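Please read the structure below before turning to the comments.
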Amino acid sequence: MTLEQVMRDAIRPALALLPAAMDTPQARCMLLAIGLQESRFVHRRQIGGPARGFWQFEQGGGVRGVLAHPASAALARQVCQVRGVPPTAPSVYSRLELDDVLAAAFARLLLWTDPARLPRTGDADAAWALYLRTWRPGKPHRQTWDALHAQAAQATEELEHA
């Protein structure tokens, strides 16, 4: 998928299900950057691993965390209701591979659980730190992050004015 398609078909509809305060250029940039880092928006099922969706959530990690965290639990249940999926870790996990809007909403909710402000759109270092805190990747690849984050920042800027 192109970044424009991801924004149109997954991110914007997901953000529309959440409080308006969650829909910011910084949030959109982080969602694009993390999706690029995790799956390149090509793989909805992790190659050789258990993660699902473009944002590569694991059932016992991000899915369970979003469903249980005080900052995201109620919103996650609302998103699940709208998307027609029971708000349980196994149900959400199995649906992430098929429902890009659900996956994007859970990705935004995971970012919401972090108490720090979202980094400004062009701050790759702060965005990397947030990604590490929230996604806790098993094998982080910093060598790809800066270029992917720059791509996400540019796309966010272009799509804001499109």
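Derivation of every value follows stated rules applied to the coordinates shown; laboratory data play no part. Predicted, not measured: the structure shown is a model, and the values here were computed from it. For neighbour counting, all protein chains shown are included, and Cβ atoms are generated from backbone atoms with ideal geometry for every residue, glycine included.
Looking at the range 13-29 only, could you name the residues that are more than 11 Å from Leu118 (Cβ to Cβ) and under 12 Å from the mean Cα position of the chain (by Cα)?
Ala14, Leu15
I need a count of the residues in the range 107-142 that are within 10 Å of the chain's Cα centre (by Cα) and either under 14 Å from Arg44 (Cα atoms) or among the basic types (Lys, Arg) (or both).
Number of matching residues: 2.
Only one of Ala76, Ala10 is within 14 Å of the chain's Cα centre (by Cα), of a type outside the set (Val, Ile, Thr), crowded, with 18+ Cβ neighbours inside 10 Å and within 28 Å of Gln143 (Cα to Cα). Can you tell me which?
Values: Ala76 fails: within 28 Å of Gln143 (Cα to Cα).
Ala10 is the lone residue from the list that is within 14 Å of the chain's Cα centre (by Cα), of a type outside the set (Val, Ile, Thr), crowded, with 18+ Cβ neighbours inside 10 Å and within 28 Å of Gln143 (Cα to Cα).
Checking the condition within 25 Å of Trp128 (Cβ to Cβ) and of a type in the set (Gly, Ala, Ser), which residue from Ala105, Ala74, Ala89, Ala68 passes?
Details: Ala74 fails: within 25 Å of Trp128 (Cβ to Cβ); Ala89 fails: within 25 Å of Trp128 (Cβ to Cβ); Ala68 fails: within 25 Å of Trp128 (Cβ to Cβ).
Answer to the check: Ala105.
Answer yes or no as to whether Tyr131 is outside any loop (DSSP other than H, G, I, E, B), surrounded by 14 or more Cβ atoms within 10 Å (Cβ to Cβ), free of Cβ contacts under 8 Å to residues at least 60 places away in the same chain and of a type in the set (Phe, Trp, Tyr). Walk me through how you get there before you give the answer.
Working: outside any loop (DSSP other than H, G, I, E, B): yes; surrounded by 14 or more Cβ atoms within 10 Å (Cβ to Cβ): yes; free of Cβ contacts under 8 Å to residues at least 60 places away in the same chain: no; of a type in the set (Phe, Trp, Tyr): yes.
No; evaluated as a whole, the condition is false for this residue.
Go through the residues of the range 23-31 one by one and say whether even a single one is part of a helix (DSSP H, G or I), among the small types (Gly, Ala, Ser), out of contact with any strand residue (DSSP E or B) (no Cβ under 8 Å at 6 or more places or on another chain) and free of Cβ contacts under 8 Å to residues at least 40 places away in the same chain. Walk me through it before giving the result.
To start, the set of residues in the range 23-31 that are part of a helix (DSSP H, G or I) comprises 25-31.
Filter again for among the small types (Gly, Ala, Ser), leaving 27.
The next check asks that each one be out of contact with any strand residue (DSSP E or B) (no Cβ under 8 Å at 6 or more places or on another chain); those that pass are 27.
In the following step, the residues that additionally are free of Cβ contacts under 8 Å to residues at least 40 places away in the same chain were identified as none.
Looking for residues that are part of a helix (DSSP H, G or I), among the small types (Gly, Ala, Ser), out of contact with any strand residue (DSSP E or B) (no Cβ under 8 Å at 6 or more places or on another chain) and free of Cβ contacts under 8 Å to residues at least 40 places away in the same chain, one finds none in the range 23-31, hence no.
So is Val101 touching a Ser or Thr at 6+ places or on another chain (Cβ under 6 Å), among the aliphatic types (A, V, I, L, M) and surrounded by 14 or more Cβ atoms within 10 Å (Cβ to Cβ) or not?
Working: touching a Ser or Thr at 6+ places or on another chain (Cβ under 6 Å): no; among the aliphatic types (A, V, I, L, M): yes; surrounded by 14 or more Cβ atoms within 10 Å (Cβ to Cβ): yes.
No: the conditions fail for Val101.
So, in the range 50-97, exactly how many residues are part of a loop (DSSP other than H, G, I, E, B) and either β-branched (Val, Ile, Thr) or touching a residue at least 12 places away in the same chain (Cβ under 8 Å) (or both)? Break it down stepwise before answering.
Quick first cut of the range 50-97, residues part of a loop (DSSP other than H, G, I, E, B) only: 50-51, 53-56, 58, 69-72, 84-88, 97.
Pick out the ones that are also either β-branched (Val, Ile, Thr) or touching a residue at least 12 places away in the same chain (Cβ under 8 Å) (or both) and you get 51, 53-56, 58, 69, 71-72, 85, 87-88, 97.
Within the range 50-97, residues that are part of a loop (DSSP other than H, G, I, E, B) and either β-branched (Val, Ile, Thr) or touching a residue at least 12 places away in the same chain (Cβ under 8 Å) (or both) number 13.
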